[in-house]
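To keep things clear, I will list the structure first and then write my remarks on it.
The values are calculated or read from the model by the stated rules, or taken from the named source; none is laboratory data. All values derive from a computational prediction rather than experimental measurement. We place every Cβ from the backbone using ideal geometry, glycine too, and count neighbours over all the protein chains shown.
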There are 4 protein chains.
Amino acid sequence: MKIKKRKICIVIASRANYARVKYLMSAIKQNKNLQLQIIVGASALLYKYGNVIDVIRADGFNPDYEINYLLDGENLITQAKSTGIGIIELSSAFLKLKPDIVVTVADRFETMATAIAASYMNIPLAHIQGGEVSGNIDDSVRHAITKLSHIHFPATNKSKQRLKNLGEESWRIFNYGCPSIDIIANMDLSLPKTDFFKDKGTGKVFDPNKPYILLLQHPVTTSYGMANRQMVETLEAVKEININKLVLWPNADAGSNELSKAIRDFHNQNITLPFSYIINFPPEIFLKLIANSKCLVGNSSSFIREGAYLGTPAVIIGDRQRGREHGKNVIFSKYDRHEIFQKVNKQIKRGIYPKSFLFGRGNSGIKMSKKLETIKLNIYKELTF
Amino acid sequence: MKIKKRKICIVIASRANYARVKYLMSAIKQNKNLQLQIIVGASALLYKYGNVIDVIRADGFNPDYEINYLLDGENLITQAKSTGIGIIELSSAFLKLKPDIVVTVADRFETMATAIAASYMNIPLAHIQGGEVSGNIDDSVRHAITKLSHIHFPATNKSKQRLKNLGEESWRIFNYGCPSIDIIANMDLSLPKTDFFKDKGTGKVFDPNKPYILLLQHPVTTSYGMANRQMVETLEAVKEININKLVLWPNADAGSNELSKAIRDFHNQNITLPFSYIINFPPEIFLKLIANSKCLVGNSSSFIREGAYLGTPAVIIGDRQRGREHGKNVIFSKYDRHEIFQKVNKQIKRGIYPKSFLFGRGNSGIKMSKKLETIKLNIYKELTF
Amino acid sequence: MKIKKRKICIVIASRANYARVKYLMSAIKQNKNLQLQIIVGASALLYKYGNVIDVIRADGFNPDYEINYLLDGENLITQAKSTGIGIIELSSAFLKLKPDIVVTVADRFETMATAIAASYMNIPLAHIQGGEVSGNIDDSVRHAITKLSHIHFPATNKSKQRLKNLGEESWRIFNYGCPSIDIIANMDLSLPKTDFFKDKGTGKVFDPNKPYILLLQHPVTTSYGMANRQMVETLEAVKEININKLVLWPNADAGSNELSKAIRDFHNQNITLPFSYIINFPPEIFLKLIANSKCLVGNSSSFIREGAYLGTPAVIIGDRQRGREHGKNVIFSKYDRHEIFQKVNKQIKRGIYPKSFLFGRGNSGIKMSKKLETIKLNIYKELTF
Amino acid sequence: MKIKKRKICIVIASRANYARVKYLMSAIKQNKNLQLQIIVGASALLYKYGNVIDVIRADGFNPDYEINYLLDGENLITQAKSTGIGIIELSSAFLKLKPDIVVTVADRFETMATAIAASYMNIPLAHIQGGEVSGNIDDSVRHAITKLSHIHFPATNKSKQRLKNLGEESWRIFNYGCPSIDIIANMDLSLPKTDFFKDKGTGKVFDPNKPYILLLQHPVTTSYGMANRQMVETLEAVKEININKLVLWPNADAGSNELSKAIRDFHNQNITLPFSYIINFPPEIFLKLIANSKCLVGNSSSFIREGAYLGTPAVIIGDRQRGREHGKNVIFSKYDRHEIFQKVNKQIKRGIYPKSFLFGRGNSGIKMSKKLETIKLNIYKELTF
């Protein structure tokens, strides 16, 4: 008798999402008992966030749905409304795809849209990176998604414990490490040649043969209205450090337009300085850039996650990652140009840290796919207390 | 110096919602440091669910917004999409009203829409009836709303403890009992005269002077597709009991159309039997009917909550309230006409139970309004573990 | 070389829609150069409007999409918003189905949603029943849809001329008669046996062997708020005529809830009178009922259209069809119980009228399907003046 | 007795919209029998389209509503869906504002959203710039909006005649010229000083004292997918002309991202050439730039409209304005760099043309506001044939 393949539907709504699930997607695709379904939406479809959809296709995946559900004009209300539109659109896709399990990642509003749509359609939900604490408002959303999820793939032991504390049943929780580590553990970390960077972005053409600081700072949604000033502090700080700077554009959050404006204005006022500004890279290039940077500056969670595995020195700025579990490679700074300046300098001098396996060893995707093959699907959850 | 009044925005999305917050609304209205804002939406606007909006107006309240956001055709996908539409619409209203606190009740999808909209707009959210466990899928939604809420008004001590277990900070949690008890504790429980019922509903005209069974059964969303059969079991069971039956129409849930059809069909096939079918009543009439019934049959949470305070015997059917905290007045039954028949008979013979204060003593609204006056508003939550 | 089949996508959003396109659908299905795509949505999915979706399936069609996009609470704003939701949902379906031509019917807001979605996605639009004038506000919508349409299938010569007057190019306009006539021209008009009606609806069981008046009155959207009173006039008028009455439920329009309430109230107050109330029938049964009625009363356009072909006497009430082209079988009345009473009596005495071919001879579907096979598809329209 | 002021609600959804209605808004504001209501939405709220909202505020207007309803990722489907979202949002605003008349402009999808929302809510709609023919697909939308409108303010006599031909009643049509002419007729046309341009945009800083070509090219929605190549032709053509070039960014249409990319790529590859790229200006600055340009290149309708009044030579490229009424200042070109090059050169040599009053004399706003004061409001339209 032919066993029916389980249909696993992965929703990718941003470039960060894709970096987290790429190896899981490959593992599902190669698993003969599973069928991979892919929905790409929101900022993953947008030119201004780097056309992640093209990267997904280039990697050999064939999305079932492409759904625009991001309202233009990133602010608090578009974030709420985009969640609403996302639910409307994703539920239609789920109705057609009839997945056995929906997989979602992390804690952004697009993730919430996925969780709500799956939840009200009685589809079991697997959540990657639950149980983390970053110390900002995303925590509430992340824990809310945990309560709507039926299978948990936390990335660390502390996160796993937190999920248990939240009352989730043990048999639903599996720490296989973070699937994003799979990528760096299995790739060549050397940077592309100079030519690759030639017609990318604005500012100075990036030179991969020179030491550089990598800067990526996302807006913090609870201090909406201050993203511009916060970014200015960082830019002014690193401006004083005599080394090349590579600045990446932020995610689609409330405040990202404002923050992008800070970058553009800074660029226009400092046209001759050694800054390169690039919208986006395929995840692999982004990781190569992390691996080879003298110091990571900003608040990207990759600086913490992949940074721990790689040991790259990082200065994490502001509240966005406050309280998040991290390796020794990370030190924190306020939004203050002097403090940032000093800490970045210190980290550059310190140099590379030893590898940490806090976020896993690089085999998460394959382990998750095996678990999704056989785990009992039960949407009735019980609190353990 | 004039103190700015705190604006408290209450979202009423169903008749059950209104019954829960009516006394809180009165208390806010009379509190000179608070300003009451009212949004009425979803099924609270619909004729088929009893035009709750008219009752609200008749009670002297003046809604700021009336918002239709319920997609017709109650099924799983309309439930998901209605949540999405609700978020889109409620966020617009919040943008205009600029409330200092949004108040929401219980665990339905309309409540989730309120929670998401407030959450992404950085508005502190107060949640009534968090921490409860009913044993069905609403639990996941209720706990997810807890994680998005900043002020908790659980209705019992067990619920309060559960909120703490879920990692909510103690200073955010207040057990003032359930505000729905406020109503029964302060009202005349005698039934209206016969005339009142004369041109209401279909079937036999309801006679308030004769003993009767009150029947209200909502569809259970996780067993979608079985609501019709489940309702038939209940109707066939009480049909065999020689006493008048008053049947109320269910809430707007996935499955309610199906269940309504069961009622209509039963009515057409049993046209001469002593059944009265009525769409809806103002909350007070509903409570009078509970107070004077010989036995409550179905799965309305009011049978458990107000039922405990009143001591009215109740037979709760199926999974919807499985595991919910309850007084001694309640016994449970499966969807089985024989079991239901026997248990209802037993309860009728048993008669009235002693009053229980499990769900409070009837002063919740005034206590909540005082707390909302002064509580620190802080949207940064921390897990306690 | 294999010719690619043209994909023809038909959107059915109400029971009236389906009656208009059923024969066209059959003709497309049998045409080897065409591929039929079916979207069923809005009130065609709802129990309260007769589950048209079940009828469609029973007729052997297999819908590609079922889309709920009707907001509950029929009023002016839900009508506007349902149009918006319809556009959002239909455009997703069009993106997946990639039709070569979209076919839409008549003038309701669901039709407008179809027209807008197809229009902005650059898909040629074929419109059935354009160019008609009914004298109410639907005219504006109908003519607006004409301006968005690329292929016109008007139902009469006057309508065809009006389309030309509106500046539409001649080569885009084809009067093949109304496809709804196809149905009556090809069917057995005798009524089902008594048994068929036994467990349908409320009120007296309908007796197909006795003479009867058929009553169907839709709310008029521009006199929103008066639908209830208007319906009462009609019901009170026919109440005085000593013959059975069969009352059908109205369409999903602003005002339909209000009008339905009038019917329910009338039923409750006149429980013993010879009135039967039935929600809906398959289109064929509806036509049999028209064919065999002594008099048609209300404002259904079928009374005018199919009524002309059949010659059934009709009294058309109010503004909804004011100015619409009609056969000799029709006389008009104001919303006045005395006038209605007299005119219905007069028509019953007059009896059946001769057949009129004003709306075609019953071969529209096959002619349309042939035209859709070969017509040039050009979305650049030019005004002829 | 106090006369109730008529509430006139103007919906501004793009920078072009605002340029068209600014003087009408002033006239309404100053008219003591009218009350001005303002809704600003869609691209008029976005940084990337120049924050028109800030300009509106700076001009002393106080918008009642700001509504984001543009879905990010300009393509055919987001255009359709944005229309849907626009209808949902605008109808909510209309419900609160209860305008007596809604005013809308031109032919974009945001205009359609306004027309549909007003139409289904039975609010009389005044349409500016109806009856025009541009020869592209916008024509269908414009004529559809005409059929939904109750008061017409066409900009030319030919347009007025076309509205009559379309069957609109004469008493609803008033040619007061185009309100956009009001602005240029009443303003100082001299350019701002050099300093004004110093920190605006990228590329060379624009020098207002040197001769220049003004280039503004919008994507054409029916040739979606070709906008990039079309823009390249224009840029390559003007590159060969030895004079400064000022390039403005396009509107939010399907294809605008693609077209913007062409500009960015061209800029990166021609970094040293005399091109200035600026996102947007207040309408007045835009007009000053038109007035003082040696030649206008692209497809902006302002080049035709205000260009006629000013006599500025213009080369209109491609289909977007094909067939639109125009003055002698305009010549047309295909998307061909050689043809564009020659025609622009010819126009620069030819120099300024005589003033034309084809689009009015600059008193439209005041005339419209007077008409809106007194015109009969009747939503029942009749075709004149």
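Within the group C:Gln217, C:Gln129, which residue is at pLDDT 90 or above, surrounded by 23 or more Cβ atoms within 10 Å (Cβ to Cβ) and assigned by TED's automatic domain parsing to the domain that holds C:Leu296?
On the way: C:Gln129 fails: assigned by TED's automatic domain parsing to the domain that holds C:Leu296.
Testing whether each residue is at pLDDT 90 or above, surrounded by 23 or more Cβ atoms within 10 Å (Cβ to Cβ) and assigned by TED's automatic domain parsing to the domain that holds C:Leu296 leaves just C:Gln217.
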Note to self: Can you go through C:Ser256, C:Ser293 and tell me which one is of a type in the set (Ser, Thr, Tyr), touching a residue at least 24 places away in the same chain (Cβ under 8 Å) and either over 27 Å from C:Ile184 (Cβ atoms) or touching a His at 6+ places or on another chain (Cβ under 8 Å) (or both)?
What the structure shows: C:Ser256
Next item on the list: Among the residues of segment D:272-309, count how many are buried (at least 18 other Cβ atoms within 10 Å of the Cβ), within 14 Å of chain A (Cβ to nearest Cβ) and outside any strand (DSSP E or B).
Entry: 1
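Out of all the residues in segment A:65-101, which are of a type in the set (A, V, I, L, M) and under 20 Å from A:Val141 (Cα atoms)? Steps first, please.
Within segment A:65-101, the first condition is being of a type in the set (A, V, I, L, M), and the residues that meet it are A:67, A:70-71, A:76-77, A:80, A:85, A:87-88, A:90, A:93, A:95, A:97, A:101.
Across segment A:65-101, the qualifying residues are A:Leu70, A:Leu71, A:Leu76, A:Ile77, A:Ala80, A:Ile85, A:Ile87, A:Ile88, A:Leu90.
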Next item on the list: Name the single residue, out of those in segment A:344-385 being polar (S, T, N, Q), outside any helix (DSSP H, G or I) and under 26 Å from the mean Cα position of the chain (by Cα), that is nearest to the other protein chains (Cβ to nearest Cβ).
Entry: A:Ser356
Note to self: I need the full set of residues from segment A:13-40 which are under 17 Å from A:Ser369 (Cα atoms), among the aliphatic types (A, V, I, L, M) and not in a helix (DSSP H, G or I), in order please.
What the structure shows: A:Leu34, A:Leu36, A:Ile38
Next item on the list: Return a yes/no flag: does segment A:231-239 have any residue that is assigned to a strand (DSSP E or B) and within 22 Å of D:Gly201 (Cα to Cα).
Entry: no
Notebook entry, point to check: Do we have A:Gly177 as on the phi > 0 side of the Ramachandran plot and assigned by TED's automatic domain parsing to the domain that holds A:His152 here?
Noted result: yes
Next item on the list: Please enumerate the residues belonging to segment D:164-187 that are under 13 Å from D:Glu382 (Cα atoms), in contact with a strand residue (DSSP E or B) (Cβ under 9 Å, 6 or more places away or on another chain) and assigned to a helix (DSSP H, G or I).
Entry: D:Lys164, D:Arg172
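Can you find even one residue in segment A:323-332 that is part of a loop (DSSP other than H, G, I, E, B), farther than 22 Å from A:Gly131 by Cβ and out of contact with any strand residue (DSSP E or B) (no Cβ under 7 Å at 6 or more places or on another chain)? Full working, then the answer.
Kept after step one, since they are part of a loop (DSSP other than H, G, I, E, B), are these residues of segment A:323-332: A:323-329.
Going one step further and asking which of them are farther than 22 Å from A:Gly131 by Cβ, we end up with none.
No: segment A:323-332 contains no residue that is part of a loop (DSSP other than H, G, I, E, B), farther than 22 Å from A:Gly131 by Cβ and out of contact with any strand residue (DSSP E or B) (no Cβ under 7 Å at 6 or more places or on another chain).
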Next item on the list: Just give me the residues in segment D:228-249 being within 19 Å of the chain's Cα centre (by Cα) and either farther than 25 Å from D:Pro283 by Cβ or within 14 Å of chain A (Cβ to nearest Cβ) (or both), in sequence order.
Entry: D:Trp249
Check: Any residue at all in segment A:170-185 that is farther than 30 Å from A:Phe266 by Cβ and within 14 Å of chain B (Cβ to nearest Cβ)?
Finding: yes
Notebook entry, point to check: In this structure, does D:Asn157 turn out to be under 24 Å from the mean Cα position of the chain (by Cα) and in contact (Cβ under 8 Å) with a residue 24 or more places away in the chain?
Noted result: no
Check: For segment A:1-39, which residues satisfy the criterion of being surrounded by fewer than 18 Cβ atoms within 10 Å (Cβ to Cβ) and farther than 18 Å from A:Pro124 by Cα?
Finding: A:Met1, A:Lys2, A:Ile3, A:Lys29, A:Gln30, A:Lys32
Note to self: Of the conditions (1) over 25 Å from D:Ile137 (Cβ atoms); (2) without any contact (Cβ under 8 Å) to a residue 60 or more places away in the chain, D:Asn31 satisfies every one except a single condition; which number is it?
What the structure shows: (2)
Notebook entry, point to check: So D:Gly318 fits all but one of (1) closer than 17 Å to D:Thr156 by Cβ; (2) touching a residue at least 24 places away in the same chain (Cβ under 8 Å); what number is the exception?
Noted result: (1)
Item checked: Answer from C:Lys355, C:Lys367, C:Lys343 - the residue that is at pLDDT 95 or above and not assigned by TED's automatic domain parsing to the domain that holds C:Met231 -> C:Lys367
Note to self: Being of a type outside the set (Ser, Thr, Tyr), in contact with a strand residue (DSSP E or B) (Cβ under 7 Å, 6 or more places away or on another chain) and under 23 Å from C:Arg108 (Cα atoms) is the filter here; which residues of segment C:1-23 pass it?
What the structure shows: C:Ile8, C:Cys9, C:Ile10, C:Val11, C:Ile12, C:Ala13, C:Asn17, C:Arg20, C:Val21
Checklist line | Residues located in segment C:241-271, provided they are part of a loop (DSSP other than H, G, I, E, B), under 28 Å from B:Phe197 (Cα atoms) and modelled with pLDDT of 85 or more | finding: C:Trp249, C:Pro250, C:Asn270, C:Ile271
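Among the candidates C:Ser333, C:Ser301, C:Ser293, single out the residue that is touching a Leu at 6+ places or on another chain (Cβ under 9 Å) and not assigned by TED's automatic domain parsing to the domain that holds C:Arg15. Walk me through how you get there before you give the answer.
Working: C:Ser333 fails: touching a Leu at 6+ places or on another chain (Cβ under 9 Å); C:Ser301 fails: touching a Leu at 6+ places or on another chain (Cβ under 9 Å).
Matching residue, one of C:Ser333, C:Ser301, C:Ser293: C:Ser293.
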